[in-house]
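*Asks:* The structure that follows is given in the form of structure tokens.
The values are calculated or read from the model by the stated rules, or taken from the named source; none is laboratory data. Since the model is a prediction, treat every value here as computed from it, not as a measurement. Cβ sites come from the backbone with ideal geometry, for glycine too, and all protein chains shown count toward neighbours. Heavy atoms of the whole protein, side chains included, go into the accessibility calculation; ligands, DNA and RNA do not. Shrake-Rupley method; radii C 1.70, N 1.55, O 1.52, S 1.80 Å.
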Amino acid sequence: MGSQPEFDLSLAGLLHDLNNVLHTILQAAEPISLDARHADAAGVILRSVEHGRRLLKNTGAQNRIPLSETVDNALAFVRDHGAAGGRLPRFVVDANAPLLAHTVSAELERAFVNLLMNAAALSTDSHRPCTEVRIELQRDARDIVITVSDNGPGIPELWLQGFSGHPQDRGLGLCVARSAVQRCGGSIAAANLADGGAAFTIRVPVI
């Protein structure tokens, strides 16, 4: 008889363990949600758990959801994440209803979250705080074109050269965003705006 393959902590095993962690947090949060004094905090916990579950479910998956749901989920998470700090930029979504109804890869939510989190982090920049983030969604003959722009301090040249991201965290969030977009079969580009601020343009094929 051949030897049994040695067990390896595979991605599937890691996802299983993280699901157990999220389930434990959910169980602990549900009784708290019954107390009116802590209902808001419990709501943040419950929504964050659901966000985590979506990320685990859609890692490497080809699930498709409406673009509107992708944007709404990302905005809800970023607002929950920033609520404790008490300062967030204003988020403006510019898109028509038919485009928002178009389905995209569910993994695109990861790109949105990381781009919006990056912009939100600049809301406390002492040089030029980011006060507004615009999400513009358009479509051409081949692609859905998504532009996330802000009016913050702009992107350091080192950022643009290596697309390495925020100097404080070496741009892991932007690397995650880029990887998520690429897994959707798309591309992402970064640039500074003439009037200040930065813009990230995502192109994903229409399917």
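*Asks:* How large a share of the accessible area of segment 23-103, in percent, is made up of carbon and sulfur atoms when the probe is 1.4 Å and the other protein chains stay in place?
*Replies:* Heavy-atom surface of segment 23-103 belonging to carbon and sulfur, 1.4 Å probe: 56 percent.
*Asks:* Leaving out ligands and nucleic acids, and using a 1.4 Å probe, what accessible area per residue does segment 31-155 come to in Å²?
*Replies:* Result: 50 Å² of accessible area for each residue.
*Asks:* Roughly what would the spin-label model give for HIS127 and ARG79, points 7 Å off Cα along C-beta, in nm?
*Replies:* 3.1
*Asks:* What spacing in nm lies between the two simple spin-label points modelled at GLU30 and ASP140, each 7 Å away from Cα in the Cβ direction?
*Replies:* In this crude label model, GLU30 to ASP140 measures out at 4.9 nm.
*Asks:* Let me ask another. Determine, for each peptide in 112-120, 175-183, 42-50, the mean count of other beta carbons within 10 angstrom over its residues, then list the peptides with the highest first.
*Replies:* My ranking of the peptides, most packed first, is 112-120, 175-183, 42-50.
*Asks:* I want to check the label-to-label distance for ARG90 and GLU157. Put each point 7 Å from Cα in the C-beta direction and report it in nm to one decimal.
*Replies:* With each label placed 7 Å out from Cα toward Cβ, I get 3.4 nm.
*Asks:* What is the P(r) of segment 40-80, as percent of Cα-Cα pairs per 5 Å bin from 0?
*Replies:* The calculated distribution, bin by bin, is 5, 22, 28, 27, 13, 5, 1.
*Asks:* Using the per-residue mean of other Cβ atoms lying within 10 Å as a proxy for protection, in what order, highest first, do the peptides 187-198, 64-75 fall?
*Replies:* Packing proxy ranking, top to bottom: 64-75, 187-198.
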